[in-house]
Amino acid sequence: MTDIQPARDFQKIIPFLLIGLGVALITASAFYLYRNIPPRADLTVVPAVVNYPAPELTLTDLGGVSHSLAEYRGQVVLVNLWATWCEPCKKEMPALQTYYKKYEKNGFAIIAINDGDPTEDVVQFVKDFALTFPVWLDPTYIATEQAFKTLGLPSSYVIDRNGEVRLQWLGGIEKRALEKFVTPIIMEDQ
């Protein structure tokens with residue numbers, strides 16, 4: 001009877017030993033598989049490739065002057081929908097400004113359309129970020145709800161020289177993504 005008791009005790013711990021061995025094997029396998037994979041440095045939001053006509057859209061700038069997207073036919077235009085309270089919007093503005101200055105001589109424009117903020121807040125935002133591209137006001141959400149049908153901010157749309165929307169982003173844009181995806185469109189037909 002004493003010989004049977006140690007065997008029964010061992011049978012009780014077998015499941016725990018197998019579980020421990022399984023965890024050790026999974027851990028070792030994960031370490032082996034992932035040790036040579038470099039960390040992903042590019043966490044940029046990637047745009048969707050689309051192809052549809054740019055919407056008809058007319059809004060006013062900070063000076064109260066009315067403008068339409070149709071006025072920009074023949075240029076590559078990045079329409080950026082944003083708000084002063086939006087943290088990703090704030091984060092992407094320096095990259096947009098730098099990119100705009102680099103490519104404006106190549107027939108590239110950015111139109112930053114503010115999504116409903118008071119004019120004085122928008123003016124201060126433009127000063128704080130030293131923005132030199134056109135900023136339009138959209139107090140009634142025409143751009144987000146009707147023209148581009150989005151509720152997410154920031155949202156960006158790249159319109160080619162023929163008036164076709166070719167790319168759309170939901171989320172902040174980084175300089176690398178602008179260079180990778182927008183520059184080829186700017187350089188077409190040049």
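The values are calculated or read from the model by the stated rules, or taken from the named source; none is laboratory data. All values reported here derive from a predicted model rather than from experimental measurement. Methodologically, a virtual Cβ is constructed for each residue, glycine included, from the backbone with ideal geometry; neighbour enumeration extends over all protein chains shown.
Assorted remarks:
- Search result, residues across the range 150-169 that are modelled with pLDDT under 95 and of a type outside the set (S, T, N, Q): Leu151, Gly152, Trp169
- Within the range 119-132, being surrounded by 13 or more Cβ atoms within 10 Å (Cβ to Cβ), assigned to a loop (DSSP other than H, G, I, E, B) and of a type outside the set (Phe, Trp, Tyr) holds for one residue alone: Leu131.
- Any chance Asp138 is of a type in the set (Asp, Glu), touching a strand residue (DSSP E or B) at 6+ places or on another chain (Cβ under 7 Å) and closer than 18 Å to Leu96 by Cβ: yes
- Scanning the range 76-94 for residues that are surrounded by fewer than 17 Cβ atoms within 10 Å (Cβ to Cβ) and over 22 Å from Pro139 (Cβ atoms) yields Lys91, Pro94.
- Residue within the range 102-123 that is closer than 21 Å to Arg176 by Cα and of a type in the set (Lys, Arg) present: yes
- Failed item in (1) crowded, with 16+ Cβ neighbours inside 10 Å; (2) within 19 Å of the chain's Cα centre (by Cα), with Leu151 passing the rest: (1)
- When residues in the range 175-190 are screened for being part of a helix (DSSP H, G or I) and either aromatic (Phe, Trp, Tyr) or surrounded by fewer than 17 Cβ atoms within 10 Å (Cβ to Cβ) (or both), 8 of them pass.
- Residues in the range 136-182 that are more than 20 Å from Arg73 (Cβ to Cβ) and β-branched (Val, Ile, Thr): Thr140, Thr144, Thr150, Ile173.
- Residue that is farthest from Tyr103 (Cα to Cα), among those in the range 154-181 that are among the hydrophobic types (A, V, I, L, M, F, W, C) and under 13 Å from the mean Cα position of the chain (by Cα): Leu170
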